[in-house]
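Report on one structure; see the data block that follows.
The values are calculated or read from the model by the stated rules, or taken from the named source; none is laboratory data. Small disclaimer: the values here were computed from a predicted structure and weren't measured. Counting neighbours? That spans all protein chains shown, and the Cβs are built from the backbone with ideal geometry, glycine included.
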Amino acid sequence: MSERTYALPFDPAGIVLDRRRGLSQQLYQALRARVLDGRLEGGARLPATRDLAAVLALSRNSVVRAYDQLYAEGFIESRVGDGTYVSRLGKLSTQLSTGLSRGLSTDLSTFEAPDTEDLSSFAGRSELLLRLEKHHLPPPKGDAPRAFRVGLPAFDLFPFEVWAKLQAGFWRNPDPAQLGYGDPAGELPLRELIATYLRRSRGLSCSAEQIVITSGAQQAISLCAQLLLQPGDGVAVENPGYRAAGHAFALAGARVRGVPVDEEGMDCARLAELPDCRLAYVTPAHQYPTGVTMSLARRLALLAWAERQDGWVVEDDYDGEYRYSGAPLAPLAALDRQGRVLYVGTFGKIAFPALRLGYLVLPRRLVRAFSQAKALAVRHSEVGTQCVMAQFMAQGHFQRHIRRMRRAALARRNVLKAGWPVEVPGLGAMPDVAAGLHVKVAVDNLAREQELVARAEAVGVEVTPLSSYWLEDSAEPADTRAGLVLGFAAVPEGEIAQVLMRLRKTWR
């Protein structure tokens, strides 16, 4: 019997795998790099998983997992009965890979660009108080979590006993060096653990020196607004989107411009119509509030826009850990080669918002300015919580809790989907939810939306109208802004089932 040969669109000898580390992740990264730098051209047919496994001496499962991740992120596509092909990304991939021709590494990491940006602050904000009256956050709701409040994880599953022991241990015998003024960027052990977590779990290659600890995601967004914008600069935000981010940019004197969101995320082609825009704010992994994932083509278009515009992209990955099929998607920052993306992360959606612990992953040229600005505002974040979180992560509790929270959110999502009221006039069906902690349901018109929200509130159920997420000056017809946004992670399955019974009665 003759030896079988395989026609491959690339030289497998160039893929060097470290057998001591995760093989499927290494293969995924190697193939992704070849797509981005053009060695694997759009339309090229990839070998079958069994064939590639044989050439590389891997298990077929390792190759399948690598292909699944590439497919989820849009790098490859499957044609029924015809195999697997590299996606056609056209000029966008070429624009993104121009840095490779300059001798840069193909490692998908936050690019270290020269320190040329003028980040000097500006004075004389005479209209600050007037802007604050218009752009502010509503007061928080102080009652216990209830269905279907948006933005809350499962408090009932957090290992408070473990946290309490770690906290007691820290304060029982504190290190005197930690009782003075801390590093404005945050405690180094925690930043090192965050960097390790992002490299292993999210595919974002960064170092502790690029991370600044913040008091949650909102402080991170506010720092970006303060340091990256001048009064009058335009800022592109998703519409509908996270209104609190828009308020932070407006408070800095920016002109907030809404960009429509469709099934592929922010319509980046519309950015060309906004020549004064200096910054774009996006939630690409799980758009808030529609729940869509930004396509790879849109991600590449956004990065290309930032490079052409000499602008910035603020990526808010507020609930990116919650993906219910395969591994979490690699963040937009993992594709950034020009040092244009500022990555915002938070522990609030894994632990609880009251923790007030988040972080920024910055291009290196911005780290010093952000650390200095934070030192002027709050000097440094509370040290005890940082040290306890570092122990929580170092001892493996953090990763175990993420896995538990992901399973619980999936179970609660399934109960919501199974019990969702049907045949309610004007109310859409429950869509599939592939990621995140909330879901958007269609409603026919604005009047019906308001009626459904009022009826739910009358029976003690919290449902958020989609219309509240739109900018006030939106050009879209009012009825197209209607819908319902429901968070499904905050309460157990039994309570969700009971609440759905009340909704079925009141809505019918």
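Applying the selection to the range 468-508, what residues are in contact with a helix residue (DSSP H, G or I) (Cβ under 8 Å, 6 or more places away or on another chain) and over 21 Å from Arg146 (Cα atoms)?
Trp470, Leu471, Ser474, Ala478, Asp479, Arg481, Ala482
Residue by residue, here is whether (1) surrounded by 18 or more Cβ atoms within 10 Å (Cβ to Cβ); (2) under 19 Å from Leu198 (Cα atoms); (3) outside the structural domain of Ser222 (by TED's automatic domain parsing); (4) free of Cβ contacts under 8 Å to residues at least 24 places away in the same chain holds:
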position	(1), (2), (3), (4)
Tyr359	yes, yes, no, no
Arg364	no, yes, no, no
Arg368	no, no, no, yes
Gln372	no, no, no, no
Leu376	no, no, no, yes
Arg379	no, no, no, no
Gly384	no, no, no, no
Met389	yes, yes, no, no
Phe392	yes, yes, no, no
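Being assigned to a helix (DSSP H, G or I) and surrounded by fewer than 16 Cβ atoms within 10 Å (Cβ to Cβ) is the filter here, so list the residues in the range 10-45 that pass it.
Pro12, Ala13, Gly14
What number goes with the only condition from (1) of a type outside the set (A, V, I, L, M, F, W, C); (2) modelled with pLDDT of 95 or more; (3) over 18 Å from Gly320 (Cα atoms) that Arg243 does not pass?
Tallying (1) of a type outside the set (A, V, I, L, M, F, W, C); (2) modelled with pLDDT of 95 or more; (3) over 18 Å from Gly320 (Cα atoms), Arg243 fails exactly one: (2).
Based on this model, can you work out whether Val453 counts as in a helix (DSSP H, G or I), buried (at least 18 other Cβ atoms within 10 Å of the Cβ) and not assigned by TED's automatic domain parsing to the domain that holds Gln69?
Yes: the conditions hold for Val453.
What number goes with the only condition from (1) surrounded by 24 or more Cβ atoms within 10 Å (Cβ to Cβ); (2) within 26 Å of Arg65 (Cβ to Cβ) that Tyr281 does not pass?
Only one criterion in (1) surrounded by 24 or more Cβ atoms within 10 Å (Cβ to Cβ); (2) within 26 Å of Arg65 (Cβ to Cβ) is unmet by Tyr281, namely (2).
List the number of the failed condition for Gly151; all other conditions in (1) of a type outside the set (A, V, I, L, M); (2) modelled with pLDDT under 90; (3) more than 23 Å from the chain's Cα centre (by Cα) hold.
(3)
Of these, Ala489, Ala434, which one is surrounded by 22 or more Cβ atoms within 10 Å (Cβ to Cβ), touching a residue at least 60 places away in the same chain (Cβ under 8 Å) and either under 28 Å from Pro353 (Cβ atoms) or among the basic types (Lys, Arg) (or both)?
Every option except Ala489 fails the conditions.
Collect the residues in the range 195-218 that are closer than 26 Å to Cys277 by Cβ, at pLDDT 95 or above and part of a helix (DSSP H, G or I), keeping them in residue-number order.
If the condition is that a residue be closer than 26 Å to Cys277 by Cβ, at pLDDT 95 or above and part of a helix (DSSP H, G or I), then Gln210 is the only one that fits.
Is there a residue being more than 19 Å from Gly396 (Cβ to Cβ) and of a type in the set (Asp, Glu) anywhere in the range 204-221?
Yes, that holds for at least one residue.
Counting just the residues of the range 316-347 that are part of a strand (DSSP E or B) and not small (Gly, Ala, Ser), which one comes out farthest from Leu227 (Cα to Cα)?
So the residue we want is Arg323.
Filter the range 219-258 down to the residues that are out of contact with any helix residue (DSSP H, G or I) (no Cβ under 6 Å at 6 or more places or on another chain), part of a loop (DSSP other than H, G, I, E, B) and aliphatic (A, V, I, L, M), then identify the one that is surrounded by the most Cβ atoms within 10 Å (Cβ to Cβ).
Here the residue is Ala254.
Can you go through Glu192, Glu161 and tell me which one is closer than 25 Å to Ala369 by Cα, at pLDDT 95 or above and either touching an Asp or Glu at 6+ places or on another chain (Cβ under 9 Å) or assigned to a helix (DSSP H, G or I) (or both)?
The unique qualifying residue is Glu192.
Among residues belonging to the range 284-302 that are in a loop (DSSP other than H, G, I, E, B) and of a type in the set (Gly, Ala, Ser), point out the one that is nearest to Tyr71 (Cα to Cα).
Filtering the range 284-302 for residues that are in a loop (DSSP other than H, G, I, E, B) and of a type in the set (Gly, Ala, Ser), the one nearest to Tyr71 (Cα to Cα) comes out as Ser295.
Among Val361, Val367, Val422, Val388, which is the only one that is within 30 Å of Trp507 (Cα to Cα) and of a type in the set (Val, Ile, Thr)?
Going through Val361, Val367, Val422, Val388 in turn, the sole match is Val422.
Pick from the range 158-169 the residues that are over 22 Å from the mean Cα position of the chain (by Cα) and not small (Gly, Ala, Ser): which of them is nearest to Gly384 (Cα to Cα)?
The qualifying residue nearest to Gly384 (Cα to Cα) is Gln167.
Of all residues in the range 457-495, which are more than 26 Å from the chain's Cα centre (by Cα) and within 27 Å of Ala154 (Cα to Cα)?
Glu457, Ala458, Val459, Gly460, Val461, Gly494, Glu495
Which condition from (1) hydroxyl-bearing (Ser, Thr, Tyr); (2) touching a His at 6+ places or on another chain (Cβ under 9 Å); (3) assigned to a helix (DSSP H, G or I) is the one that Tyr181 breaks?
It fails just one condition, (3).
Name the one entry in Leu40, Leu56, Leu23, Leu52 that is touching a Pro at 6+ places or on another chain (Cβ under 7 Å) and either under 24 Å from Leu335 (Cβ atoms) or in the same structural domain as Asp336 (by TED's automatic domain parsing) (or both).
Every option except Leu40 fails the conditions.
Going through Thr385, Thr346 one at a time, which residue ends up being over 19 Å from Ala333 (Cβ atoms) and hydroxyl-bearing (Ser, Thr, Tyr)?
Criteria check complete, one pass: Thr385.
Taking the residues in the range 159-184 that are closer than 22 Å to Ala208 by Cα and acidic (Asp, Glu) as candidates, determine which candidate is surrounded by the fewest Cβ atoms within 10 Å (Cβ to Cβ).
Asp175
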